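Written out below as structure tokens is the structure these notes cover.
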Amino acid sequence: MRLGRRTEAARKRGRIRKPRLLALALVLFAVSAAAFSYGLTTAVRSELVALDPASWRGDVDTVIYAAPGKNDQRRVLAILRGDESRVLVRSDRIAPIMKQAIVAVEDKRFFEHNGVDVRGIVRAAWEDVRNKAVVEGGSTITQQYVKNAYSRNDKTIARKVREAALAWQLTQRWSKDRILTAYLNTIYFGNGAYGILQASRTYFHGKSADELTLPEAALLAGIPASPSLYDPVQHPVAAKQRRGYVLQQLFDQGRITAGEMRRANATPLPKPEDVRLPGTRGPAPYFVNYVTDQLVARYGAEKVFGGGLEVTTTIDLDLQDRAREAIEGILHDPSGPAAALVAIDPHTGAVKAMFGGTNFHRSQFNLATQAERQPGSSFKPIVLAAALRKGIAPATHITSKPIEIDAGDRIWPVTNYEGSYLGSVDLTTAMIHSDNSVYAQLTNIVGPKAIVETAHRLGIRSKLPPYFAIGLGFVAVNPLDMARAYATIANDGKRVDGSIMKDRPRVVQSVGFRRDGKVVENEPVPHAALSPSEAEILTGVLEKVVQEGTGTRAQLPGREVAGKTGTNDDYADAWFVGYTPDLVVAVWVGYPNQLKPMETEFHGEPVSGGTLPALIWKSFMSRALAGKPATTFTGAPYLPSYDARVVYRSGKWRLDNGFCPATRVITYFAGRLPGSTATCYANEVSVPVVVGKSVDSARVALQSVPLQPDVVYVPAKPRTRPGEVVEQTPRKGFLSANGTVRLWVSAARDGLVPNLVGSSLPAARERSRKLRLRLKIQYGDGPEGTVVKQSLEAGIAAQPGLPLTLLVGRGGSTS
């Protein structure tokens, strides 16, 4: 008995201890949580002072240098200070519509939440899931401001938590207007403008931030989400669409009227030549602006402007001077055409010279990187490169003649310059003479998508639509794009990127951080875009263009030169892009501000790629290579090739099985022939699609080909009209003449819905009963007891249980 009592008492003590232990654990957890929260709050509170842009006095100048010259000396190109791109303004010096616009597009609940918008995060997450892509951000303006002002770059969950805590604390201590003003004073608006005042000055002729109009504010408000994509200079269409989106948000939120939105949408964007940051740069200012944009994209504006970077670039100031001398020596008329020039070392990818304009103070529009114009026939080497990648040899013969190409939505007529045609020629001869007809047909063979892919592999970063006209250069690119693509060809098919900036033109050699003494090299990183043999074959073709074709004015005595001319249809753009083994140069000539035909600017003759651009190219290269030994290209290898008769079937070229119509002969390198043979038929005809037609119409369509129908009846779906073709085999493709096409035709298994309008109600009930329709009667105006309307169309397939509503007259007025 005693033992039993002890055991029972022990159990009671155990039951008492467990609640005590649980309570103790909860107390310890609460204390720990409180301590953590206090520590976090204290730490966060201590950082709030650093978030005030007015307290940012620790700027260290960023210095941008040219590449080391003689005696390894580096010349300063520019010094970037924080106040160069950011000038703080008070809230009352910012136009109210600017504040409304940025809130409308970036954080419409800005004045409602406490720095972190949980509802916005959930909404953004749902939109991302629904669209299977990141389409909407969940960060508030306060969070974005904290992120921009936060000095740490570690991308960790702890940082995210800290930023959210800072955003919440900031909302408790600062007014919404103060947060919004700080945000507008510090965000990046592109084109070197950091903060709303500098943005206003840059885009709108030095205008103050409090003078911004509705269309101006909407344009600026749309830029920070992606300063590169929505840049009105480089991407005016995207910028205008983005401005329209901001205006729509303002309208939806009741900030503007429909009339104001319409008038603002109709307002022109600022002219590219008018977009410029106040002040100028030192030597090579256009190049410096391009470098600055790359640095901002990589490190952020706050670190670039006043962040203490030491940036060594790739620019060779001696070559930069040679570029200016070459252009000024050929183009003498200040009111005539202008020129842009880009020079690249193909082995390192380094941009050695960039001439983007003559007067940086008047216009910061960079003709070398921002003037996207049609390259004309200088794009044909990229078409040939795409063909080589598919195993198509330059020995392929195509007939030069006037042609029309079916581009799907329209017919594309193609003619040659001055109406001259060469007859059957190989791809090399067509390149030498810049034959449009042949290269339009080659575009059709290779496919526009393959050409776009090849262009991007070679280094062109501009967006290229996969249209058939791409083969003749009817796309928008810039001189830097073209120089980089040709540099890849010159470098045995290897595109050279930088280890820091990745797939971007390599304009930076190294970035030093003076605060910690660290230096990061932007090492050359090669990427194979073409095989060496493909690049060498292409270079051999382009050598002949300079030796005997449209590029003879670019010849350099004693040196091997490869290149291609380009001219658009109305002489508004003229190009020469060429290279020696160690230097690649692209030259564009045209009027910067308009597509003005240059019909008399070359000694009374039109300006083509083989005239002024080729002469500028030759003048620059003669100076740049003076005193340097001549080097030679690697000779093109001999690769066996074979003719093959092919046909385009089911989305690809296939070998002819001997019965295929509309074939053509293509010369392929050994081992690169199409891997499949087409299934063609003797006396082949195309199978028409007759699905959806009545059986009688389908019979007529097939027999006219001629093909024979084999009809099989299948039950019709309820509510559909029987007697229609619901499927066919084969659905498309080809058969021999008089071959058989099987048709599946719908038939009403349970009868047809009758036409009951005009019938008496008893008669309608009887007919519906026989078809086992589920009848519902409603009454309205009309002859008494007569059906005046029915819900189902007469003649469609019925089914037991199919609901049918009848409107029966009750003797009222029918008027």
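The values are calculated or read from the model by the stated rules, or taken from the named source; none is laboratory data. These numbers come from a predicted model, not from an experiment. No Cβ is skipped: glycine too gets one built from the backbone with ideal geometry, and neighbour counts run over all protein chains shown. Ligands, DNA and RNA are excluded from the accessible area calculation, which covers all protein heavy atoms including side chains. Shrake-Rupley method; radii C 1.70, N 1.55, O 1.52, S 1.80 Å.
The figures follow:
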| item | result |
| --- | --- |
| Hey, residue 695 open to solvent by 30 Å² or more (accessible area, probe 1.4 Å) and farther than 25 Å from residue 639 by Cα or not | no |
| Residue in the range 351-358 that is open to solvent by less than 10 Å² (accessible area, probe 1.4 Å) and outside any strand (DSSP E or B) present | yes |
| Residue identified as in contact with a Leu (Cβ under 6 Å, 6 or more places away or on another chain), over 26 Å from residue 373 (Cα atoms) and touching a residue at least 60 places away in the same chain (Cβ under 8 Å) among 282, 300 | 282 |
| Some residue of the range 706-717 being of a type in the set (A, V, I, L, M) and either closer than 30 Å to residue 651 by Cβ or in contact with a Gly (Cβ under 7 Å, 6 or more places away or on another chain) (or both) | yes |
| Failed condition for residue 266, given (1) at pLDDT 95 or above; (2) open to solvent by less than 30 Å² (accessible area, probe 1.4 Å); (3) of a type in the set (A, V, I, L, M) | (2) |
| Exclusive hit being of a type in the set (A, V, I, L, M) and over 30 Å from residue 80 (Cβ atoms), set 239, 264 | 264 |
| Residue in the range 742-762 that is more than 21 Å from residue 803 (Cα to Cα), charged (D, E, K, R) and over 47 Å from the mean Cα position of the chain (by Cα) present | no |
| Positions within the range 447-471 being part of a helix (DSSP H, G or I) and either open to solvent by less than 10 Å² (accessible area, probe 1.4 Å) or touching a His at 6+ places or on another chain (Cβ under 6 Å) (or both), in sequence order | 451, 454, 455, 458, 470, 471 |
| Test: residue in the range 562-585 that is open to solvent by 20 Å² or more (accessible area, probe 1.4 Å), farther than 20 Å from residue 385 by Cβ, touching a His at 6+ places or on another chain (Cβ under 8 Å) and touching a residue at least 24 places away in the same chain (Cβ under 8 Å) | yes |
| Residue 797 among the small types (Gly, Ala, Ser) and in contact (Cβ under 8 Å) with a residue 60 or more places away in the chain | yes |
| Residue ID - farthest from residue 397 (Cα to Cα), chosen from residues in the range 656-692 that are open to solvent by 40 Å² or more (accessible area, probe 1.4 Å) and not in a loop (DSSP other than H, G, I, E, B) | 686 |
| Cβ pairs under 8 Å, 6+ apart, first in the range 60-72 and hydrophobic (A, V, I, L, M, F, W, C), second open to solvent by 30 Å² or more (accessible area, probe 1.4 Å) and not in a strand (DSSP E or B) | 60/514; 60/515; 66/74; 66/75; 66/283; 66/316; 67/74; 67/316 |
| All helices (runs of 4 or more DSSP H) inside the range 169-264 with 1 or more residues being of a type in the set (Val, Ile, Thr) | 176-186, 196-203, 236-252 |
| Test set (1) in contact with a helix residue (DSSP H, G or I) (Cβ under 8 Å, 6 or more places away or on another chain); (2) closer than 30 Å to residue 354 by Cβ - residue 414 fails condition number | (2) |
| Residues satisfying the stated conditions in the range 728-743, i.e. of a type outside the set (A, V, I, L, M, F, W, C) and assigned to a loop (DSSP other than H, G, I, E, B) | 730, 731, 732, 733, 738, 739 |
| The listed residue being out of contact with any Pro (no Cβ under 8 Å at 6 or more places or on another chain), closer than 30 Å to residue 622 by Cβ and without any contact (Cβ under 8 Å) to a residue 60 or more places away in the chain, out of 316, 321 | 321 |
| Subset tally (residues that are open to solvent by 40 Å² or more (accessible area, probe 1.4 Å) and either among the basic types (Lys, Arg) or within 18 Å of residue 690 (Cα to Cα) (or both)) for the range 738-762 | 5 |
| Which numbered condition residue 487 fails, given (1) modelled with pLDDT under 95; (2) buried (at least 24 other Cβ atoms within 10 Å of the Cβ) | (1) |
| Any hit, the range 376-383, residues being among the small types (Gly, Ala, Ser), surrounded by 18 or more Cβ atoms within 10 Å (Cβ to Cβ), touching a Leu at 6+ places or on another chain (Cβ under 8 Å) and closer than 26 Å to residue 543 by Cα | yes |
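A quick yes/no check of all residues on (1) under 31 Å from the mean Cα position of the chain (by Cα); (2) open to solvent by 30 Å² or more (accessible area, probe 1.4 Å); (3) under 20 Å from residue 302 (Cα atoms):
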site: 166; (1), (2), (3): no, no, yes
site: 171; (1), (2), (3): no, no, no
site: 176; (1), (2), (3): no, yes, no
site: 192; (1), (2), (3): yes, no, yes
site: 207; (1), (2), (3): no, yes, no
site: 218; (1), (2), (3): yes, no, no
site: 227; (1), (2), (3): yes, yes, yes
site: 243; (1), (2), (3): yes, no, no
